[in-house]
Amino acid sequence: MSRVLVVEDEAPLRRALRTSLAARGFDVREASSGEEAVIAAADYPPDLVVLDLGLPGIDGMETLERLRRFTVAPVIVLTVRDRQTDKVAALDAGADDYVIKPFDTEELLARIRAALRRSPTAERRPSIVRFDVLEIDLVNRRVLREAQPVHLTRTELELLEAFVANPGKLLTHDYLLTRVWGRGYTTESHYLRVYVGQLRRKLGDDATNPRFIVTEPGLGYRWIAEEGLP
Ligand code: CA
């Protein structure tokens, strides 16, 4: 089931979109501001984002830029007819498509389906990924190390999921704390030290000679194992 994040401040329109998308089998999350959208996307990575450009607080463009720091999910922007420059700027900033308000729901749904078909990740997210001696079942949340089960706490598992969803990428303290613990935890980097330490131990990794998680001092962590290699 594809996950769609709907970012729209007008509640009636947001609810109408939710209803139409849910009726077509999409798993829908809603956000009524850009700030909420960034948290929701970190918390529950969407396969596609529908983003209204006219938002209170941080506007649609700024929201798009923040989303693009950590997600490659297609973004379809909603814009009003006379704001041609916004539309172009949004496409330049990484939006995949646009729909002009007021729009026909069927047209938006067609564009969502088209964007998901072009997307490299959506709908084809593999449930089992392999890294070195690890086999990680993301759907059933099971981890094997050299074919032996590894017992991870919920937090350790969420941390591991964040890493394996972003192999090779530097994941900042802020990103990991927000994704795993949520809003309001971005100053708690000691949580990360503790949980990354536990995760390393359970995965048989060694911080001084890592094969899975590298510490980038003062910045964050990076998952370095390559997918699929034994
Ligand atoms: Ca709006």
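The values are calculated or read from the model by the stated rules, or taken from the named source; none is laboratory data. This structure is a prediction, so every number in the text was calculated from the model and none was measured. Please note: Cβ atoms are built from the backbone with ideal geometry, for glycine as well, and neighbour counts cover all protein chains shown. The accessibility values were calculated without ligands, DNA or RNA, using every heavy atom of the protein model including side chains. Shrake-Rupley method; radii C 1.70, N 1.55, O 1.52, S 1.80 Å.
In terms of its C-alpha gyration tensor, the chain has a prolate overall shape, because the principal axis ratio a/c (a ≥ b ≥ c, square roots of the eigenvalues) is not below 1.5 and a/b outweighs b/c. Seen through its C-alpha gyration tensor, with square-root eigenvalues sorted a ≥ b ≥ c, segment 152-195 comes out oblate because a/c lies at 1.5 or above while a/b is not bigger than b/c.
Between the beta carbons of residue 141 and residue 101, assuming R0 = 41 Å, the FRET efficiency works out to 0.55 to the nearest 0.05.
Taking 0.36 nm per residue of separation and subtracting the Cα-Cα distance, full extension of the segment from residue 44 to residue 187 would add 49.4 nm. The order of the peptides 212-221, 44-53 by mean Cβ neighbours within 10 Å, most packed first, is 44-53, 212-221. Shown in residue order for segment 189-205 are the 3J(HN,Hα) couplings computed by the Karplus curve 6.51 cos²θ - 1.76 cosθ + 1.60 at θ = phi - 60°: 5, 5, 4, 5, 4, 5, 6, 5, x, 5, 5, 4, 4, 5, 8, x, 9 Hz (x for Gly and Pro). The stretch between residue 209 and residue 91 holds 38.3 nm of extra length on full extension. This uses 0.36 nm per residue minus the Cα-Cα distance. Between 0 and 90 degrees, the angle of helix 154-164 with respect to the longest Cα principal axis of the chain falls at about 80 degrees. The separation of segment 43-111 from segment 198-230, counted between C-alpha centres, amounts to 35 Å. For the chain, a simple Cβ point-charge model (Lys and Arg +1, Asp and Glu -1, everything else neutral) yields a dipole of about 540 debye relative to the Cα centre. Rolling a 1.4 Å probe over the heavy atoms of the protein chains gives segment 25-164 an accessible area of 49 Å² per residue.
When the residues 173, 190, 151 are ordered by accessible surface, computed with a 1.4 Å probe over the protein chains alone, the sequence from largest down reads 151, 190, 173. Counting only Cβ charges, +1 for Lys and Arg and -1 for Asp and Glu, the dipole size of segment 49-101 around its Cα centre is about 60 debye. Of all lysines in the structure, those lying under 27 Å Cα to Cα from residue 87, and not within fewer than 8 positions of it along the same chain, are 101.
Computed with a 1.4 Å probe on the full set of protein chains, the accessible area for residue 191 sits at about 70 Å². In summary, no lysines lie within cross-link reach of residue 202, defined as a Cα separation below 16 angstrom excluding same-chain residues under 8 places away. Between residue 84 and residue 19, full extension at 0.36 nm per residue minus the direct alpha carbon distance yields a gain of 20.5 nm. Taking a straight Cα-Cα cut-off under 14 Å and skipping sequence neighbours fewer than 8 places away in the same chain, the aspartates and glutamates within cross-link reach of residue 169 are 161, 216, 226, 227. Looking at the square roots a ≥ b ≥ c of the eigenvalues of the Cα gyration tensor of segment 78-118, which shape do they give, rounded for a/c under 1.5, prolate if a/b is larger than b/c, or oblate? Oblate. Electrostatic bookkeeping for residue 22 treats Lys and Arg as +1 and Asp and Glu as -1; over the other residues with beta carbon under 14 Å from its beta carbon, the sum is +4.
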